[in-house]
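The values are calculated or read from the model by the stated rules, or taken from the named source; none is laboratory data. From a predicted model like this one, the values you see are computed outputs, not experimental measurements. Positions of Cβ are generated from backbone atoms using ideal geometry, with glycine treated the same way; all protein chains shown enter the neighbour counts. The accessibility values were calculated without ligands, DNA or RNA, using every heavy atom of the protein model including side chains. Shrake-Rupley method; radii C 1.70, N 1.55, O 1.52, S 1.80 Å.
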Amino acid sequence: MSGIRGIFVTGTDTGAGKTVVTAALAAALRSEGWNVGVWKPVQSGEPIGSGLSDAEKLAAGSGVSEPPEEVASFTLRAPLAPLLAAKAEGVRLTMDMLYEAGQPLCSRYDAMLVEGAGGAAVPLTEDALLAEWIAFLRMPVLIVARAGLGTVNHTLLTVSFLRQHGVDILGVVLNEGACAPGAPGVLESADVQNAPDGLDPSVAGNADLIETFGGVKVLGRFPSIGNVQGPHLLAETAHTTLDLAPVRSFLSKCLEPSPEPSGEGSEVRI
């Protein structure tokens, strides 16, 4: 079985804000001296060169020196689930193919932040959902969810589905940028103005409900920061709004060298 050192970032849905949160986490960790890279195994819907592809945003936002063509192993034209987008171009994706395609990039870093496509139940290959790909990689997951109304249901379903596939969950980030006015499930401006602190009243209790019923830690709420998303701003935002201690703790453990065998019958941690 294959494995990659690092953390997988998935979302409760398309548009939840995985890319900006992944880039921000990478920028924050890199600013602390961690040799962390970013990888988008499959992206669809926006070509590289448009400035709108996830790979371009990841590369620019995280501060890595890799070109977007290497950050994304496969770029597909149709704005569809990876399986359907690949079929439209006559490409047959497999988990082994995806893993092998990312090895040159992953080998240049001590650990990776890997961004998924859509949510955990998105069909990735002809015989695997995204959750099965995460389990194949043996990586823990950070879930990015919208901060507003409806996110508790979506987040708890995602948590349950990942656990059914044996995936460990490192935590949840609530992304306020995915809840801009006019988005589905977001209150109209007049309602928001009448709410405490001008916020969707559902936001205040969402973290408590997710932690209580999901048994996972909410690491914080990542704010909407507009279109200027360079590494310095993203790193500063992550440092000031998110609890990165669980992320650092996991990376420290997974980067510890395995102990040398002390003799016959000794256990070696893998």
Report task. Just one of (1) more than 14 Å from the chain's Cα centre (by Cα); (2) farther than 22 Å from N227 by Cα; (3) open to solvent by 10 Å² or more (accessible area, probe 1.4 Å) trips up G177, so point out which. Result -> (2)
Report summary line: Conditions (1) buried (at least 17 other Cβ atoms within 10 Å of the Cβ); (2) out of contact with any helix residue (DSSP H, G or I) (no Cβ under 9 Å at 6 or more places or on another chain); (3) among the aliphatic types (A, V, I, L, M) -> A135 fails only (2)
Query raised in the report: Does the range 236-264 hold any residues that are at pLDDT 95 or above, of a type in the set (A, V, I, L, M) and surrounded by 13 or more Cβ atoms within 10 Å (Cβ to Cβ), and which are they?
Result: A238, L242, L244, V247, L251
Query raised in the report: Which condition number in (1) of a type outside the set (G, A, S); (2) free of Cβ contacts under 8 Å to residues at least 60 places away in the same chain; (3) closer than 27 Å to L244 by Cβ; (4) open to solvent by less than 50 Å² (accessible area, probe 1.4 Å) is the one that E70 fails?
Result: (4)
Report summary line: Taking the range 73-94 and keeping residues open to solvent by less than 40 Å² (accessible area, probe 1.4 Å) and farther than 19 Å from P104 by Cα leaves L76, A78, A81, P82, L83, A85, A86
Report summary line: Residues of the range 143-182 being out of contact with any Gly (no Cβ under 6 Å at 6 or more places or on another chain), β-branched (V, I, T), within 26 Å of H239 (Cβ to Cβ) and not in a helix (DSSP H, G or I), in sequence order, are I143, I169, V172, V173
Report task. Give the range 49-73 a look and list any residue that's of a type in the set (A, V, I, L, M, F, W, C) and either modelled with pLDDT under 95 or more than 17 Å from the chain's Cα centre (by Cα) (or both), or say none. Result -> L52
Report summary line: Here the residues within the range 62-92 that are farther than 14 Å from P41 by Cβ and among the polar types (S, T, N, Q) are S62, S65
Query raised in the report: Considering the range 101-122 alone, what residues qualify as being over 24 Å from L244 (Cβ atoms), open to solvent by 50 Å² or more (accessible area, probe 1.4 Å) and touching a strand residue (DSSP E or B) at 6+ places or on another chain (Cβ under 9 Å)?
Result: A121
Report task. Take the range 23-39 and flag every residue that is surrounded by fewer than 22 Cβ atoms within 10 Å (Cβ to Cβ) and either within 27 Å of G148 (Cα to Cα) or within 18 Å of the chain's Cα centre (by Cα) (or both). Result -> R30, W34, N35
**Report entry** Unique match (being crowded, with 16+ Cβ neighbours inside 10 Å and in contact with a Phe, Trp or Tyr (Cβ under 6 Å, 6 or more places away or on another chain)) among V42, V20
**Finding:** V42
Query - Cβ pairs under 7 Å, 6+ apart, first in the range 234-253 and assigned to a strand (DSSP E or B), second open to solvent by less than 30 Å² (accessible area, probe 1.4 Å) and not aliphatic (A, V, I, L, M) - result: L242/G220; L242/F222
Report summary line: Taking the range 45-67 and keeping only residues that are of a type in the set (S, T, N, Q) and either surrounded by 24 or more Cβ atoms within 10 Å (Cβ to Cβ) or part of a strand (DSSP E or B) (or both), one is left with S62
Query raised in the report: Does at least one position in the range 103-113 carry a residue that is charged (D, E, K, R) and closer than 30 Å to S160 by Cβ?
Result: no
